[in-house]
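To keep things clear, I will list the structure first and then write my remarks on it.
The values are calculated or read from the model by the stated rules, or taken from the named source; none is laboratory data. Owing to the predicted nature of the structure, the values given are computational and were not obtained by experimental measurement. Here the Cβ positions follow ideal geometry from the backbone for every residue, glycine too, while neighbour counts run over all protein chains shown. Keep in mind that these areas ignore ligands, DNA and RNA; they rest on the heavy atoms of the full protein, side chains included. Shrake-Rupley method; radii C 1.70, N 1.55, O 1.52, S 1.80 Å.
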Amino acid sequence: MTGHVQHMRRLVATIAGTALVTLGVAVVNVPAAHAVGATRYVATTGSDASNSCTVQVSPCKTLGHALAVAVSGDEISIAAGTYLESDNPAGTSNVVPARLHTLVIEAHHALIDATNEDHGLVVNATGVQVFDLDVTTSSQQGILVAPPSDATIPAAILDFHLSGSTITRSGGAAVQLISTVAASLENNTVTNNAGGILLTDELGPNHGNGLSHNIANGNGGGDGIALIGNNPRALVTSGEHVGMRQSALGGIYSNELADNTTNGNGGAGIIMEGDPSGSAVYLNRLEDNTANDNGRAGIMIQRHTALQDLNDNTITANHVSHDAVSGNNGEPGDFAAGDFQTTGILVLSETAPITGTAVTRNIITDVFYGVWLSQKTPSANVSHNTTTVTEGGSPIFLDRPVVAPIVGMARTPSGKGYWIAQSDGAVFAFGDAAYYGSLGGVSLARPIVGIAPSPTGLGYWLVATDGGVFAFGDAHFYGSTGNIRLNQPVVGMTPTPTGHGYWFVASDGGVFAYGDAHFYGSTGALHLVKPVVGMATGPNGQGYWLDASDGGVFSFGSAKFHGSMGAVVLNEPVVGMTQGPDGAGYWLVASDGGIFTFGSATFHGSTGALQLLQPIVAMQASPTNRGYWLVARDGGIFSFGNAQYHGSVPAIY
């Protein structure tokens, strides 16, 4: 390394050491800016006796001695070779004390052998930079960075930097950062340790750190990279402000993990997890990381108790493949989640909801479940992921038993995915359909009866029997009859082509229009032989059809009448309809899956001759109208023509 580069590294450390005066955290020995210190040399051929280590041809022999004679701002240059930590002179150790702020260790891939020692290197000072230092065989952490034991709590270490290092065979985490602020770890390799890289917050908050281009592979039973909230003071735990974040006291937040590789670890590739009540891990961003062949899920968020904050984390553009291969005592899945399949990304709460999670633009391959969500994840944004699952698998799996019947179905604009909805408001997404939230777990005044997609496919509406409307994603609320006493319950809903409005219909044929949806008429004043069961949008959104359970069809506005089953005795009642090509036709479906075609709508098959476990409740046509899906009350999906199967809900109901 040139003298200029050495000088710049020390200068960066010196300047960085003055920067934490406004964070409300006790920082250990933050210095005023000062001149760059001396360079002290260490080599296996050196001698520690009466040696200040400042002459390159007369180096010290141990890092422990060099640290004992160094002052803040110094650089310690360690020549290549293997250094037994046990060789340190009495009274010295591989500990950078608080007084040695802005120290630089340039190691030239010198190897610290920490056999029979707790650590290879401990850093208790702010502004320390470590380059190309390798560590092996410590009984605990290979490299530990933490405020000293006598620091005033809350405390933090500022601006630690580690790069180019290799840590192996540690009995604990290869690298642990306790209560660090603005630390950076880049281009390090940690393999064959009990754990990889670990961020915790026992002594104060751990935030603003960057981990990039690190390799954390093959680390025993541990995780590749773990953000574990251990501080019970990260949240208010009692009183009127219970649950409020206390970012000056604890929490792991606003960290960025980018371009790291975490393969073949015994635990997760990357995990964010709370431990005690009051802990918090939030607002972290995971981007462009790789997590393959790990024992647990490639990327995980896990919440254990009600009073924890695992919210608002972003998982985007990562590459995840063949994970959760041994999370159940050697079998696929994750024991804590009750998941018994290979899984790419897993968000698990055992108690209260996890909110604000974003899982977007990831590439997930060779797993049974692409994204596994526990029922306590009501507002997760799972969208625009590219997922390839094994046979029978699901790109998105919501761990919510089908204890309420399926009532509706909606497809994405591409036809490569669909949503199905339960009467309790739970929503299940398949294929390229993103999960934007649901009402699962919310106490509803009236059951949900239908789901309708926004035209972009980036959201959806749910409608209840009282006309209450619930909007998710980019689907906006334009009004409802939730506070109006209806003569008959609402049975279906359809949006306008713009997505700026919608209609819904009651069983007496009463039609309610909101947003840019116009009223074109209804059967509300007619005496119907059988109740209306659904509706479909007419051409250009300037009309609609209503269909009754006897197969009768009523057309309004631009929706033209092409025929009905009103005069035919049916084996089973009609339960839904969907429009055909260019609005020039439509299909009706009966509860036994019998299909009736009118106008330009063509027949592609049915379940009319099959013995179904549960009746059909809805249908959707493919975008090209050359096929369609049927959905049963138990969540079973039946696809015909060019409508492709993308998964279904377990038939528990």
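Please enumerate the residues belonging to the range 254-271 that are open to solvent by 10 Å² or more (accessible area, probe 1.4 Å) and over 12 Å from GLY196 (Cβ atoms). Before the answer, list the steps.
Residues of the range 254-271 open to solvent by 10 Å² or more (accessible area, probe 1.4 Å): 254, 256, 258-259, 261, 263-264, 266.
Selection gives SER254, GLU256, ALA258, ASP259.
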Picked from the range 229-242 (must be under 18 Å from ILE271 (Cβ atoms) and outside any strand (DSSP E or B)), the residue most open to solvent (accessible area, probe 1.4 Å) is ASN230
If we keep just the residues of the range 519-539 that are over 44 Å from the mean Cα position of the chain (by Cα) and aliphatic (A, V, I, L, M), which is most open to solvent (accessible area, probe 1.4 Å)? VAL529
Taking only the range 179-208 into account, find how many residues are touching a Ser or Thr at 6+ places or on another chain (Cβ under 8 Å) and under 16 Å from VAL130 (Cβ atoms). 7
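Filter the range 73-107 down to the residues that are among the polar types (S, T, N, Q), in a loop (DSSP other than H, G, I, E, B) and either farther than 23 Å from ALA183 by Cα or open to solvent by 30 Å² or more (accessible area, probe 1.4 Å) (or both) and list them by number.
At the first step, the residues of the range 73-107 found to be among the polar types (S, T, N, Q) are 77, 82, 86, 88, 92-94, 102.
Going one step further and asking which of them are in a loop (DSSP other than H, G, I, E, B), we end up with 88, 92-94, 102.
Once the filter is applied, which keeps residues that are among the polar types (S, T, N, Q), in a loop (DSSP other than H, G, I, E, B) and either farther than 23 Å from ALA183 by Cα or open to solvent by 30 Å² or more (accessible area, probe 1.4 Å) (or both), the range 73-107 yields ASN88, THR92, SER93.
Inspect all residues belonging to the range 436-446 and state whether any of them is polar (S, T, N, Q), surrounded by fewer than 24 Cβ atoms within 10 Å (Cβ to Cβ) and within 21 Å of ILE354 (Cβ to Cβ).
Within the range 436-446, the first condition is being polar (S, T, N, Q), and the residues that meet it are 438, 443.
Now restrict to residues that are surrounded by fewer than 24 Cβ atoms within 10 Å (Cβ to Cβ): 443.
Pick out the ones that are also within 21 Å of ILE354 (Cβ to Cβ) and you get 443.
Yes, that holds for at least one residue.
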Given the options ILE363, ILE354, ILE345, name the one that is modelled with pLDDT of 95 or more and under 11 Å from the mean Cα position of the chain (by Cα). ILE345
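For (1) under 19 Å from HIS161 (Cβ atoms); (2) of a type in the set (A, V, I, L, M, F, W, C); (3) touching a helix residue (DSSP H, G or I) at 6+ places or on another chain (Cβ under 8 Å), each residue gets a yes or a no:
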| site | (1), (2), (3) |
| --- | --- |
| VAL190 | yes, yes, no |
| ILE197 | yes, yes, no |
| ASP201 | no, no, no |
| GLY210 | yes, no, no |
| GLY218 | no, no, no |
| ILE228 | no, yes, no |
Is at least one residue of the range 580-587 touching a residue at least 60 places away in the same chain (Cβ under 8 Å) and closer than 28 Å to PRO413 by Cβ? no
Among strands (runs of 3 or more DSSP E) entirely inside the range 387-468, those with 1 or more residues being at pLDDT 90 or above are 406-411, 417-422, 448-453, 459-464
Which numbered condition GLY417 misses (of (1) under 17 Å from VAL463 (Cα atoms); (2) in contact (Cβ under 8 Å) with a residue 40 or more places away in the chain): (1)
Inside the range 308-326, can you point out the residues that are over 14 Å from the mean Cα position of the chain (by Cα) and free of Cβ contacts under 8 Å to residues at least 60 places away in the same chain? SER321, HIS322, ASP323, ALA324, VAL325
Candidates SER480, SER522, filtered to the one that is assigned to a loop (DSSP other than H, G, I, E, B), within 27 Å of SER438 (Cβ to Cβ) and not aliphatic (A, V, I, L, M): SER480
